[in-house]
Amino acid sequence: MKILILYYTKTGHTLEAANPVAEGIRNAGSEADLVNVKDFVADKLSDYDAFIVASPCHAGSISKKAGIAEPIKKALNGLKTDALNGKKCGGIAVNAGAGGEVTLKNIEAILMDKGNGEYIPGPVARAGSPLSLWKGRSVSVEDIELYKAYGAEFVK
């Protein structure tokens, strides 16, 4: 299985979470490519069997319609309606305090609108600082292990 992991990060925390997901996928015998949202080309999705979205939580605990980082939301909304037909999809999030689960639900809603029928939500790590005013704490060792396990389970 070949999996594209699309991520956005401002302070590096979301990449700290996406890397162990990719490691878990690779350890399970599949391929994983990490793609920063600024380098994302939607037409390349056809080269992949599965798609995982990694987003920091932006105001996710404030509004049920918020949560996904704008660059990720823009990339996902720009996909063709049937872009994810037949693809397994997932999502992971990082939040400073709360709201990561809302981010995952909103990622799922957009992916379903783009044709996905199988969404597997992943872990939410607590890292960073509110409003990303400073770097704050990193993703914990325990959360890194959860992300690795998610990657390995995702390919099964």
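Please get the size of the charge dipole for segment 2-154, origin at its Cα centre, with Cβ charges of +1 on Lys and Arg and -1 on Asp and Glu, quoted in debye to the nearest 20. Write out the running numbers ahead of the final one.
On the way: 18 positive and 18 negative charges, 107 e Å.
So the dipole magnitude of segment 2-154 works out to roughly 520 debye.
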Practice prompt. Kindly put Thr9, Thr81, Thr14 in sequence by how many other C-beta atoms sit within 10 Å of each C-beta, fewest to most.
Written response: Thr81, Thr9, Thr14
Worksheet item: Fully extended, how many nm does the chain gain between Val141 and Glu101 (0.36 nm per residue separation, minus their Cα-Cα distance)?
Response: 12.4 nm
Worksheet item: Under Stokes-Einstein, with the Kirkwood radius over Cα pairs standing in for Rh, what whole-number D in µm²/s applies to segment 67-148 at 25 °C and 0.890 mPa s?
Response: 180
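Can you tell me which of 34-41, 143-150 comes out highest on packing, and rank the rest after it, using the mean Cβ neighbours within 10 Å? Mind showing how you got there, number by number?
On the way: 34-41: 14.2, 143-150: 19.2.
For the peptides 34-41, 143-150, the packing ranking is 143-150, 34-41.
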Worksheet item: So for the pair Lys80, Asn36, with labels modelled 7 Å out along Cα→Cβ, what separation do we get in nm?
Response: 2.8
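Please arrange Lys44, Lys88, Lys156 by counting, for each residue, the other beta carbons lying within 10 Å of its beta carbon, fewest first.
Lys156, Lys44, Lys88
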Worksheet item: Taking the alpha-carbon centroid of each part, what is the distance from segment 77-109 to segment 137-156 in angstrom?
Response: 17
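A short reminder: the numbers here are calculations on the coordinates, not readings from a lab. A quick note: this is a predicted structure, and the numbers were derived from the prediction, not measured. FYI the Cβ positions are ideal-geometry reconstructions off the backbone, even for glycines, and counts take in every protein chain you see.
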